[in-house]
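Quick notes on the structure that follows.
The values are calculated or read from the model by the stated rules, or taken from the named source; none is laboratory data. These figures come from a predicted structure and were not determined experimentally. Quick reminder, even Gly has a Cβ in these numbers, built from the backbone with ideal geometry, and neighbours come from all protein chains shown.
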Amino acid sequence: GTAVLNLPLAVNTSYINSDKKRVEDTAYVNVVAWDDLAEHVGSFTKGQRLFVRGTTDYESRQDERGSHYKTVVNAQRIEVLS
């Protein structure tokens, strides 16, 4: 009976490369929230900017296409940024 939420999160970054051009990059991270935090996060909507604090885990698996890696954040706190 414990609430759990798996939240895919896009992390956008931009930087200037060696050719002096702006590069936009997006990394995808899975955020896992439990109990009351999971219920609270369920009320957020797509596109909101979030602050997430938690511990980071890395998962890997292998299949016929090769190795796959995933970053998972076990959330301790999640807030909407204005």
Need the failing condition index for residue 24 against (1) farther than 22 Å from residue 77 by Cα; (2) at pLDDT below 90, just the number. (2)
Which residue pairs have Cβ atoms closer than 8 Å, lie 6 or more positions apart in sequence or on different chains, and pair a first residue in the range 10-37 that is on the phi > 0 side of the Ramachandran plot with a second residue that is loosely packed, with under 10 Cβ neighbours inside 10 Å? 35/2
I'd like to check something: does the range 38-45 contain any residue that is closer than 18 Å to residue 2 by Cβ, touching a Leu at 6+ places or on another chain (Cβ under 7 Å) and either at pLDDT 90 or above or of a type in the set (Lys, Arg) (or both)? no
